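Below is one structure, written out as structure tokens, with a few remarks after it.
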Amino acid sequence: MGTAVTYERQGQIGVIRVNNPPVNALSHAVRSGIMDALATAADDASLAVVLACDGRTFIAGADITEFGKPPQAPSLPDLLLALDNHPKLTIAAIHGTALGGGFEVALTCNYRIALATAKVGLPEVKLGLLPGAGGTQRTPRLAGLPAAVDLITSGNPIAAENALSLHLVDKVVGENLVDAAVAYGSELVEQGAQKRQASTLPLSLTTEDEKLIASVGAKLLKKTRGERAPQRILNCLLAAATQPFEAGLKREREEFMACLADPQSAALRHMFFAERAAGKIDSLPKDTKALDVASVGIIGAGTMGGGIAMCFAQAGIKVTLVDMTDEAVKLGLEKIAKNYAISVKRGRLTADQTDAIMANMTTSSNFNDLAHVDMVIEAVFENLEVKKDVFAKLDGICKPGAVLASNTSYQSIDAIAAATTRPESVLGMHFFSPANVMKLLEVVKGAASSDTVIATAMAVGKKIGKVSVLSGMCYGFIGNRMLRHYGREASLCLIEGSTPSQIDSAMESWGMAMGPLAVSDLAGLDIGYKAREQLSAEQKGDPASYRVADRLVEAGRLGQKSGAGYYQYDPETRQRQEDPAVMAIVTEARRELGITPRQFDDEEIVNRLTLALANEGAKLLQEGIAQRASDIDVVYCYGYGFPRFKGGPMHTIESMGLDKAVTLINEFRDQLNPEHWQTAPLLTNLVANGGQLADYHRD
Ligand code: 3HC
């Protein structure tokens, strides 16, 4: 049986225990251990069998690291066949999270008892998969089709009480789970309870179910922008309701194997591990301790500062929101209250919850009120001199050891730190707008930032629900430095012959949440315009890459806020529409620069934009600005609307083949612009040596 699974008798009840830290994933050792234990229990004098887990959780799913490797018997379906046909009553004892294959094990047991704190769910869709061991067939038989559609297509876990009301769990207890499960087993035996197999429960398809599946399918098609697993899940659920269990199971297996072979799942599994790796900082000594952060000061009550304040207050951390005038903080607080009122109206939060959050916030127009906070995040105007002034002031006010962070998107953390007498306490914490929604936090390490301060920022990021990525110091850090190249190529595609709607549609059909020119309209074209005004002609680069944007701003088209930018916007719906006036501006810009427009195909647009990102990403990696390629993918998927099912720009080129990527980049260099397309030496070297981005570590 090995050490991953043990079996013992407690009176007339056999107890199988899984012990496979950290999350009791169904590795080969666990599957074969449970198989052996079931065989032992079948032959001994036990009358019922409890399946429980040690450690922090019930089985949290198949072992994701085993996907893509040669299968090792027993497979999970074979194990569950043995469990379903076991001669004794079987009872799953659930604590922590019973997820994916783990919950499918529980659903195959005859009865389920759970701790009140437990959660159950089928999150496979988040990995581009579907429950591949009967989950799509047993769940609707137990909970009904509508509940199964919701649970499996969302992938979100539900609490034990909720599972009880859906008949997915039979009993909920407050403590002593295994004892309670053994007692429950004895009770069932005494009552003469029969084996109860979810596989034998009837299920049929009503007209309402059919309508529901069609409408959920249509909604998901739009929402998931080309993800295939959700549609495959609906196929399996439809099979569950229209075919016998065995046939449904066969369909589920086919759809599962198709998902597993799909590059979308490889990308989503890559993102699962990328997200977890991002939290690990290789250069920090193992014993580095993060400081406790119980109170935070946010400077700047505008959109960004307000959003950041919401993140902290929601996590139960006390916030002091500071701005120059009472009027500014009052306006900032009103905007936050308005945001929460919308959340209450939409049913996302209760009024009591928002009251509790708002109670964590105080406001002030006096910097001295930041004397005792554990951390300050500055979110003022993006100007180095202004930021330096703020930090010099904070240096004189804040307690020793307080973390001093800047939310700058571009400026030098080292220059900001130099305005203080404690540069070791200073670092960047770059949030993304809207800060209360976007999951990414770039933690930017200055030359002097201490290990403790970095560890603290990473830990705080986790506490407020962000995915934090460490970036070294350079202009624009990881995300915005790469974005300049992406934006440049979008502008060049336009002036060379494409249209705004072709560029945005090409990128959106490929999977981006929003096309690049629509994003520029949303952010405001005047921001880039003002930034360019500060630059020399040389710094601004190729005029073809900004001429149209300049002309749009000069024509009063600032983007969505002025009702027009690259598009015309409907004042009511904010729906974008093509505008002939824009093409007139583009035509004039082409004439000024002597550019003869040519036909574009969508593939060229997608390749130029994604390869511009990845090529710059490879340079960041080689310079040591990013710790690992997957960190760059996390930045793009969580901060810039890059589709997770493509796995980020670095995974995109790794999966297309680095050799193909380098060939295309070299072609762009030779055919378009050698200055824009300087092939990253790292990519050329990896291709020459047969290496992979995923394995690259800078020495
Ligand atoms: N397989 C392999 N490793 C896993 C894993 C899994 N299913 N789930 C978690 N891990 C690893 C993580 O990579 C991490 O490793 P690390 O310490 O080396 O970085 C470690 O376990 C701890 O994970 P977390 O940091 O995520 O721990 P948390 O306590 O924050 O969360 C959890 C625990 C809620 C269980 C979370 O890990 C999770 O959601 N896991 C994935 C669950 C899942 O997707 N299950 C379905 C798998 S697919 C499947 O079952 C197919 C089946 O239908 C056939």
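None of the figures in this text is laboratory data; all of them are computed from the coordinates on show. None of the values given here were measured: they were computed from a predicted structure. Backbone-built Cβ (ideal geometry, glycine too); neighbour counts: all protein chains shown.
Quick notes
- Within the chain, percent of DSSP bridges classed antiparallel, to nearest 5: 25 percent
- Formal net charge of residues neighbouring Leu26 (Cβ-Cβ distance under 10 Å; K, R +1; D, E -1): -2
- Amide H partners (placed H, <5 Å) of Glu378, local residues excluded: Ile299, Ala405, Ser406, Asn407
- Residues in segment 296-310 that a label on Asn383 would reach, taking backbone N under 13 Å of a point 7 Å out along Cα→Cβ: none
- Peptide ranges 255-268, 643-656, 671-684 listed from the most packed, as the mean C-beta count within 10 angstrom indicates: 643-656, 255-268, 671-684
- Helix 245-261 vs. the chain, principal-axis angle (Cα, 0 to 90°, nearest 10): 30 degrees
- Segment 319-413 - share of DSSP beta bridges that are antiparallel (%, nearest 5): 0 percent
- In this simple spin-label model, placing a label point 7 Å from the Cα along the Cα-to-Cβ direction at both Ala82 and Lys561 gives a separation of 6.5 nm.
- Kirkwood hydrodynamic radius of the chain, from inverse mean 1/r over distinct Cα pairs, in Å: 28.0 Å
- Gained length - Phe273 relative to Ser364, 0.36 nm times residue gap less alpha-carbon distance: 28.6 nm
- Placed amide H near Leu321: partners under 5 Å, 5+ positions off or other chain: Ile298, Thr362, Thr363, Ser364
- DSSP beta bridges in segment 295-471 [antiparallel fraction, %, rounded to 5]: 15 percent
- Modelled spin labels at Lys250 and Thr663, positioned 7 Å past Cα toward Cβ, are 4.2 nm from each other.
- Inverse of mean 1/r across different Cα pairs in segment 479-593, Kirkwood, Å: 14.2 Å
- Under 19 Å from the Phe67 label point (7 Å along Cα→beta-carbon), backbone N, segment 495-528: none
- Its relative contact order, with pairs defined as Cα atoms under 8 Å and 6+ residues apart, puts segment 295-471 at 20 percent.
- Nonlocal amide H pairs with Gln10, under 5 Å, H built at 1.01 Å: Val15
- Annotation for Asp670 and Gln622: the two label points, set 7 Å from Cα along the Cα-Cβ direction, are 1.9 nm apart.
- Using the Karplus relation 6.51 cos²θ - 1.76 cosθ + 1.60 with θ = phi - 60°, the per-residue 3J(HN,Hα) values for segment 619-632 come to 5, 4, 5, 5, 6, x, 5, 9, 6, 8, 4, 5, 5, 5 Hz, with x marking Gly and Pro.
- Full-stretch length increase - Leu522, Gln575 - with 0.36 nm per residue and alpha-carbon distance subtracted: 17.9 nm
- Mean residue ellipticity at 222 nm, helices only, the chain: -15500 deg cm²/dmol; runs of at least 4 DSSP H residues each add -39,500 (n - 2.57), and the sum is divided by the number of residues.
- From phi via Karplus (6.51, -1.76, 1.60), per-residue ³J(HN,Hα) for segment 680-696 in Hz, x at Gly/Pro: 4, x, 4, 5, 4, 5, 4, 5, 5, 9, x, x, 10, 4, 4, 9, 6
- Rg/Rg_globular for segment 5-260, with Rg_globular taken as 2.2 N^0.38 Å and Rg from C-alpha atoms: 0.96
- Surrounding net charge for Cys637, when Lys and Arg each add one and Asp and Glu each subtract one, Cβ distance under 14 Å: +3
- Using θ = phi - 60° and Karplus 6.51 cos²θ - 1.76 cosθ + 1.60, couplings along segment 191-204 (whole Hz; Gly, Pro as x): 6, x, 4, 8, 4, 10, 9, 4, 5, 9, 6, x, 8, 9
- Between 0 and 90°, nearest 10: helix 207-223 axis offset from the chain longest Cα axis: 30 degrees
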